Amino acid sequence: MNGIRVGNRVIGADAPVTVGWENIPKVEGGPVKQFIFTWFQPTMLFALIAFWYYAPNSIAKASTAIGIGIGFKVLLLGLEWVNPRHESWRLTWKELVTDLFYVGLGYTVLRMVDGYIGDGVMVEAVQNAFNWDKFTWFMGLPLLVQAFLISFIFDFGQYWMHRGMHNWYPLWLTHAPHHYITQLNINKGAVGNPVELFLIGLGVGGFFDFLPRAALLAGTLGLAVGVYQHINVRFNTPRWWRFVFNTTEHHSLHHSQDYEASRSNYSGTWIIIDRIFGTCVDGEAELLGMEGGRRMSVGETMTYPFTEAWKTIKERFGRPAVAVPAE
Amino acid sequence: MMELLRSHNPPLSFRRVNLRFIDWIWHIRGSLALAPGQSSEDAFDRLAPLFRQTGTSQRRTSNALTFTKKNQAPQDKMSVFDGGVLQIEKGAAGPVLRYHLTSRALLFCFLAPLLFLGFAQLTIAMGKLQKPAAEAASMSGKGSDASKKKDVEVPMNPIDKALGAPEPEKPGKEGADKDKGKSKGPSPTPAYVFAAIFATLYVVGRVLEDRLVRALFRKSLLGS
């Protein structure tokens with residue numbers, strides 16, 4: 001395979017990928033289907049922003065956000081059924097059960113651990129140690145500016161954490177299991193080693209004092225944009241969207257079996273961060289995963305960072321096996 | 001072949017005693033009548049593509065096919081199964097394909113509700129452990145916190161005012177809500193919800209995968 005030169009890199013030398021928006025297929029079907037799958041993403045984004053901007057205080061709560069998040073994901077699962085991007089990414093019963101298992105861990109055990117050693121606790125400790133007050137001026141900014149900043153700063157942190165995971169071996173060990181997925185579906189974002197899920201959840205946004213409504217608006221940006229990273233739906237995403245925001249196309253390249261392609265598109269919501277740092281590649285891939293698409297079991301996903309770390313340490317520092325000559 | 005069979009099925013006597021009543025949880029058994037006159041060789045040839053998958057190893061004799069799967073891809077049509085035996089026997093009305101498949105995914109889904117019920121119990125236990133400490137902390141910090149909160153004015157940008165966004169709540173009220181939430185501790189509800197989800201998914205999966213594999217075999221046997 002020859003691959004395609006993108007900047008200084010050759011993408012697609014190891015596995016097939018599609019590079020360039022002009023080469024990506026459009027939604028097929030009648031006018032109604034095309035209309036829906038062209039306008040769905042921007043309509044939902046603006047509707048959700050308007051909802052959180054105007055909802056009375058009694059409704060604008062975290063519990064409502066969780067409810068909307070679950071409802072939205074169920075709706076998207078329905079869209080996966082109606083208009084899949086690739087037949088080979090079809091959600092099976094086994095995949096659904098496995099994905100939901102990781103989602104369940106996130107809602108239960110991880111949440112509990114996060115309460116003790118998560119970023120909230122760390123931010124508070126740092127603030128107490130240095131006697132800082134929170135940045136209260138932040139609360140005087142317009143709501144949407146606050147929301148944008150919260151979302152962008154959080155994503156900026158995530159970008160570097162994610163890029164770090166792809167470049168520093170100890171962090172990569174925690175992230176590698178997530179790259180063994182061979183298809184994208186709504187809940188695939190939760191698949192991975194819990195240590196990684198904990199690390200990626202750390203954010204620097206906690207240093208700011210913001211209005212609760214701004215945080216909810218920032219959260220909705222994450223939901224209405226970030227959710228499309230892992231989904232098996234073909235959309236005609238608008239040009240402006242794919243310039244500023246992450247898309248399934250970008251993230252499928254990131255999960256591609258092609259090594260160079262997987263080292264691009266690190267951000268969660270704002271692909272423009274990748275454009276700024278020169279790691280963005282516009283395109284898509286169908287063939288995903290590692291080791292030629294080997295599926296990693298739940299058990300291996302849980303232990304992989306530790307067993308691999310042990311193997312590496314043993315190789316590097318262990319006594320070399322010396323062959324004893326037969327006497 | 002005997003070796004393969006042995007590795008996937010416990011010794012017969014053991015199975016009879018202990019597993020007979022529960023192994024339906026992760027074992028799927030069934031049979032399909034072959035077309036009249038269809039030879040076992042022809043039937044296995046038609047089924048062969050199903051077993052030509054990455055991570056699948058198979059052994060075939062004249063009337064039996066044994067397979068095992070390891071790290072099978074989700075794109076594999078029989079991904080949910082990890083091993084099994086397909087046999088062609090002579091029935092009263094003609095040759096019959098009998099299959100016996102095992103699935104770790106089904107067993108995992110069957111046990112998942114127990115795991116999540118365990119998480120719920122753990123959450124409750126942690127909440128109980130935390131409660132005395134949280135109460136002590138709130139008693140000592142009550143006075144200073146309340147006076148601090150009264151001084152804080154909640155700003156609202158003129159642009160938001162002009163656009164008609166609701167005014168932000170006073171922090172005193174919010175603080176009270178927060179304290180109330182905190183004293184309750186982490187909730188075991190999500191763990192109960194997931195236990196229920198997996199119990200439902202198990203029932204769906206046990207019925208669905210049974211039907212799907214039957215349909216898959218039927219389609220392969222009839223297909224050209």
In segment A:208-245, residues that are more than 14 Å from every other protein chain (Cβ to nearest Cβ), of a type outside the set (D, E, K, R) and in a helix (DSSP H, G or I) total 16
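What helices (runs of 4 or more DSSP H) completely inside segment B:145-224 contain at least 2 residues that are within 9 Å of chain A (Cβ to nearest Cβ) and at pLDDT 90 or above? Give the derivation first.
On the way: elements: B:158-163, B:171-184, B:189-222.
Ranges flagged: B:158-163, B:189-222.
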Apart from one, (1) surrounded by fewer than 20 Cβ atoms within 10 Å (Cβ to Cβ); (2) under 26 Å from residue A:44 (Cβ atoms); (3) touching a residue at least 40 places away in the same chain (Cβ under 8 Å) all hold for residue A:240; the odd one out is (3)
Single residue of segment A:165-188 satisfying the filter (free of Cβ contacts under 8 Å to residues at least 60 places away in the same chain and of a type in the set (Phe, Trp, Tyr)) that is surrounded by the most Cβ atoms within 10 Å (Cβ to Cβ): A:172
What's the total number of residues in segment A:246-259 that are out of contact with any Gly (no Cβ under 9 Å at 6 or more places or on another chain) and assigned to a loop (DSSP other than H, G, I, E, B)? 1
Hey, residue A:26 hits all of (1) charged (D, E, K, R); (2) in a loop (DSSP other than H, G, I, E, B); (3) crowded, with 18+ Cβ neighbours inside 10 Å but one; which does it fall short on? (3)
Scanning segment A:266-283 residue by residue, the ones that are farther than 24 Å from residue A:218 by Cα and among the acidic types (Asp, Glu) total 1
Verdict on residue A:75 being more than 14 Å from chain B (Cβ to nearest Cβ), buried (at least 18 other Cβ atoms within 10 Å of the Cβ) and within 22 Å of the chain's Cα centre (by Cα): no
Is segment A:179-195 home to any residue that is in contact with a Lys or Arg (Cβ under 9 Å, 6 or more places away or on another chain) and over 23 Å from residue A:74 (Cβ atoms)? yes
Looking at (1) within 23 Å of residue A:201 (Cβ to Cβ); (2) buried (at least 17 other Cβ atoms within 10 Å of the Cβ), which one does residue A:66 not meet, given that it meets all the others? (2)
Read through the list (1) in contact with a strand residue (DSSP E or B) (Cβ under 7 Å, 6 or more places away or on another chain); (2) away from chain A (no Cβ under 14 Å); (3) β-branched (Val, Ile, Thr), then give the number of the only condition that residue B:102 fails. (2)
Name, by its number, the condition in (1) touching a helix residue (DSSP H, G or I) at 6+ places or on another chain (Cβ under 8 Å); (2) modelled with pLDDT of 90 or more; (3) part of a helix (DSSP H, G or I) that does not hold for residue B:79. (3)
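The values are calculated or read from the model by the stated rules, or taken from the named source; none is laboratory data. If you're wondering where the values come from, they're calculated on a predicted model, not measured in any experiment. Glycine gets a Cβ as well: all are built from the backbone with ideal geometry, and neighbour counts include every protein chain shown.
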